[in-house]
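Nothing in this text is a laboratory measurement; each read-out follows from the coordinates by a stated rule. Predicted model, so just to flag it, every value in this text is computed and none were measured.
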Amino acid sequence: MDRKSKGRQKIEMIKMSNEINFQITFSKRRASLSKKASEWSTLRGLDIAIIIFSPSKKAFSFGHPCVEKVIEDFICGNPPRDTSRAMTLIEVHRNSRIHELNMILTQV
């Protein structure tokens, strides 16, 4: 079998020189980043914030519950909300391991 194309090729990452194409690509990528952040916050219960600056220096943001709250929690060192079962399992495992280590130390 003879292939008619080379298939998917790796594209070199360089700044786009055509400003119109750059603006169109930015708009599409911005929308897809916001969509992905929304999916993560919904499906995984994450607190998330993204801030994107356009080539014309205009700021776009997405945040759940809101950008200001997520940034404030990050700066102040507040832990994220514990809404997932995985965090609970990690906490249980950690407490169990601490208990095991304490038992070993008291036996010595």
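Structural remarks
- Between 0 and 90°, nearest 10: helix 67-76 axis offset from the chain longest Cα axis: 50 degrees
- Rg then Dmax, both in Å and based on the Cα atoms of segment 1-57: 16.9, 51.
- Counting only lysines at least 8 places from residue 57 when in the same chain, those with an alpha carbon closer than 29 Å to its own are 15, 28, 35, 36, 69.
- Taking every alpha-carbon pair under 8 Å whose residues sit at least 6 apart, segment 19-84 reaches a relative contact order of 25 percent.
- Note that segment 5-20 has calculated 3J(HN,Hα) couplings of 10, 7, x, 6, 10, 6, 9, 5, 7, 9, 5, 6, 8, 7, 5, 5 Hz, one per residue in order, obtained from phi through the Karplus relation 6.51 cos²θ - 1.76 cosθ + 1.60 (θ = phi - 60°); glycine and proline are x.
- Computed over the chain, Kirkwood Rh from alpha-carbon pairs, angstrom: 18.6 Å
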